[in-house]
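*Asks:* Dropping the structure in here first, questions after.
The values are calculated or read from the model by the stated rules, or taken from the named source; none is laboratory data. In this text the structure is predicted, and so the values were computed from the model without any measurement. Here the Cβ positions follow ideal geometry from the backbone for every residue, glycine too, while neighbour counts run over all protein chains shown. Ligands, DNA and RNA are stripped out before the accessible areas are found, and what is left, the full protein with its side chains, is counted by its heavy atoms. Shrake-Rupley method; radii C 1.70, N 1.55, O 1.52, S 1.80 Å.
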Amino acid sequence: GPAYQALIPGLVKREDVPDTWEGLLDPKWKGRIVVRDVRASATMKTIYGAIIYKEWKRTGSLDDGFALLDRLHANTGAYAATPEVMFTLLSAPESAYALTPWNQFDALGRKHNHGLPFGYVIPKETPVIVEPIAIVKGAPHPEEAKLFYDFVTSQEQLLHAAEKYFRLPARPDLPP
């Protein structure tokens with residue numbers, strides 16, 4: 001899912017949440033951001049890579065992406081060893097932490113499946129992560145590959161993935 005910034009209703013008003021990645025660099029967020037330990041998190045590696053890529057596309061310099069991450073680091077109050085620690089830090093009533101970069105489907109899953117009070121904002125110019133599927137030309141078992149492809153891309157399975165796992169299909173033949 002797309003990278004996003006989580007927010008806690010009551011702790012942060014929706015209109016106060018930045019709608020750009022650069023908005024996380026505002027001094028008002030200093031110490032109020034919790035980030036999942038990047039070394040252990042594929043999600044954070046993806047988000048950091050997307051930030052570096054976005055800045056490289058904007059300026060032509062990888063250094064600008066790393067400079068943005070340095071500024072984010074300066075505003076980060078904690079790095080959480082696990083997602084559970086991160087969500088606990090964000091949802092504790094006395095917590096000073098208000099925002100985290102994370103992914104949409106996990107935020108929705110935590111909200112709906114675990115009752116955690118998360119909302120989200122997809123920042124402008126956020127690269128969208130896709131999960132494509134295809135049958136590789138020359139596959140050694142094309143009939144089995146077609147069976148699997150047809151199963152995964154069936155309306156029933158795509159709707160199940162959307163409802164249970166918050167994977168949003170990009171097909172116009174499915175109900176919104």
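*Asks:* Going through Lys45, Lys54, Lys13 one at a time, which residue ends up being touching an Asp or Glu at 6+ places or on another chain (Cβ under 9 Å), at pLDDT below 95 and of a type in the set (Lys, Arg)?
*Replies:* Values: Lys45 fails: touching an Asp or Glu at 6+ places or on another chain (Cβ under 9 Å); Lys13 fails: touching an Asp or Glu at 6+ places or on another chain (Cβ under 9 Å).
Only one candidate qualifies: Lys54.
*Asks:* Go through segment 129-152 and count every residue that is part of a loop (DSSP other than H, G, I, E, B), more than 15 Å from Trp102 (Cβ to Cβ) and either open to solvent by 80 Å² or more (accessible area, probe 1.4 Å) or touching a residue at least 12 places away in the same chain (Cβ under 8 Å) (or both).
*Replies:* Within segment 129-152, the subset part of a loop (DSSP other than H, G, I, E, B) is 129-141.
With more than 15 Å from Trp102 (Cβ to Cβ) added as a condition, the list becomes 130-141.
Narrowing the set further to residues that are either open to solvent by 80 Å² or more (accessible area, probe 1.4 Å) or touching a residue at least 12 places away in the same chain (Cβ under 8 Å) (or both) leaves 130-137, 140-141.
Qualifying residue count, segment 129-152: 10.
*Asks:* Filter segment 153-168 down to residues that are surrounded by 12 or more Cβ atoms within 10 Å (Cβ to Cβ) and at pLDDT 85 or above and give me whichever is nearest to Ala134 (Cα to Cα).
*Replies:* Applying the first criterion (surrounded by 12 or more Cβ atoms within 10 Å (Cβ to Cβ)) to segment 153-168 yields 153, 155, 157-162, 165-168.
Still in the list and also at pLDDT 85 or above: 153, 155, 157-162.
Working: Thr153: 10, Gln155: 16, Gln157: 16, Leu158: 15, Leu159: 19, His160: 19, Ala161: 17, Ala162: 19 Å.
By that ranking, first place goes to Thr153.
*Asks:* Filtering segment 39-78 down to residues that are β-branched (Val, Ile, Thr), open to solvent by 30 Å² or more (accessible area, probe 1.4 Å) and touching a residue at least 24 places away in the same chain (Cβ under 8 Å), which residue is nearest to Trp21 (Cα to Cα)?
*Replies:* Residues of segment 39-78 that are β-branched (Val, Ile, Thr), as a first pass: 43, 46-47, 51-52, 59, 76.
Next cut, open to solvent by 30 Å² or more (accessible area, probe 1.4 Å) only: 43, 46, 59.
Add one more test, that the residue is touching a residue at least 24 places away in the same chain (Cβ under 8 Å), and what stays is 43, 46.
On the way: Thr43: 16, Thr46: 14 Å.
Here the answer is Thr46.
*Asks:* Ala96: touching a strand residue (DSSP E or B) at 6+ places or on another chain (Cβ under 9 Å), farther than 17 Å from Thr126 by Cα, among the hydrophobic types (A, V, I, L, M, F, W, C) and surrounded by 16 or more Cβ atoms within 10 Å (Cβ to Cβ), yes or no?
*Replies:* Working: touching a strand residue (DSSP E or B) at 6+ places or on another chain (Cβ under 9 Å): yes; farther than 17 Å from Thr126 by Cα: yes; among the hydrophobic types (A, V, I, L, M, F, W, C): yes; surrounded by 16 or more Cβ atoms within 10 Å (Cβ to Cβ): no.
No: the conditions fail for Ala96.
*Asks:* Restricting to segment 153-176, give me the number of residues that are under 22 Å from Asn113 (Cβ atoms) and in a loop (DSSP other than H, G, I, E, B).
*Replies:* Within segment 153-176, the first condition is being under 22 Å from Asn113 (Cβ atoms), and the residues that meet it are 156-169, 174-176.
Subsequent filtering for residues that are in a loop (DSSP other than H, G, I, E, B) retains 166-169, 174-176.
Summing the residues that are under 22 Å from Asn113 (Cβ atoms) and in a loop (DSSP other than H, G, I, E, B) in segment 153-176 gives 7.
*Asks:* Quick one: which residue in Pro123, Pro93 is in contact (Cβ under 8 Å) with a residue 24 or more places away in the chain and of a type outside the set (D, E, K, R)? So that I can check it myself, show each step before the final result.
*Replies:* Details: Pro93 fails: in contact (Cβ under 8 Å) with a residue 24 or more places away in the chain.
Every option except Pro123 fails the conditions.
*Asks:* With respect to the numbered conditions (1) over 15 Å from the mean Cα position of the chain (by Cα); (2) of a type outside the set (Gly, Ala, Ser); (3) on the phi > 0 side of the Ramachandran plot, which one is the sole condition not fulfilled by Leu69?
*Replies:* Failing condition for Leu69: (3).
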